[in-house]
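Where a number appears in this text, it was derived from the coordinates with a stated rule and is not lab data. Every value quoted in this text rests on a predicted model; they were computed, and no experiment measured them. Please note: Cβ atoms are built from the backbone with ideal geometry, for glycine as well, and neighbour counts cover all protein chains shown.
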Amino acid sequence: MSMETPDRAFRPFGADADVAAIVEAFQTRTLPAAAWTHQAHLAVGLWHVRMLGETGAMDRLRDAIRAYNTASGIPNSDTRGYHETVTRYFVWAAARFLETAPKVGLAALVDMFLAHPLATKSGIFRFWSRPRLLSVEARRGWVEPDLAPLACPDAAANALAVDARPAAT
């Protein structure tokens, strides 16, 4: 998944089982690389945060994404594959979203998250400049935002806003 591709509308998930199938295929490393889209990344990430909490999800996803990439023939290098800052940002975004999300089924929850401003590909660039986020340093480890501190975009969620350094290990 490239951060350089534009935001786009997603086809809503039809059922909780659709999300569960993506999560399982990711976990078993059988998800086709072409299906490892931004939508799939966020569905998998939200599921992990919902099940394991922010720190547990980050711990699991860091290793699981690297392993999935390797199994899919995607190198984890200074230019491709796993990106620590991006992953931690989207885990943080999922956790902030879940703090105020309604009690709905998994598919509806993922669809709502996909529509949230923090979940768009462009949303991350509210906090980081492209050069900083796309740097080797940011790919290898956490780098602080250089444009704005992490905070939820709406007033209600901003009460929960952060100092937040996303979950570290």
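Computed from backbone phi with θ = phi - 60° and the Karplus coefficients 6.51, -1.76 and 1.60, the 3J(HN,Hα) list for segment 78-90 is 6, 10, 9, x, 4, 10, 4, 5, 5, 4, 5, 4, 5 Hz; x is used for glycine and proline. Phi angles across segment 92-99 convert, under the Karplus curve 6.51 cos²θ - 1.76 cosθ + 1.60 with θ = phi - 60°, into 3J(HN,Hα) values of 4, 4, 5, 5, 5, 4, 5, 4 Hz, Gly and Pro given as x.
When shorter helices are ignored and each DSSP H run of at least 4 residues is given -39500 (n - 2.57), the per-residue value for the chain at 222 nm works out to -15500 deg cm²/dmol. Sparse packing (at most 10 other Cβ atoms within 10 Å of the Cβ) combined with a DSSP loop state is found for none of the chymotrypsin sites (Phe, Trp or Tyr not before Pro) in segment 1-99.
Counting only Cα atoms, the chain measures 39, 37, 31 Å along its principal axes, largest extent leading.
For the chain, the relative contact order works out to 26 percent when only alpha carbon pairs closer than 8 Å and six or more residues apart are counted. In the chain, the sites counted are trypsin sites (Lys or Arg not before Pro) in DSSP loop states with at most 15 other Cβ atoms within 10 Å, and the longest stretch holding none of them, exclusive of the sites, is 104-169. Couplings for segment 123-130, taken from phi via the Karplus curve 6.51 cos²θ - 1.76 cosθ + 1.60 with θ = phi - 60°, read x, 5, 7, 6, 10, 10, 6, 4 Hz in order; Gly and Pro are left as x.
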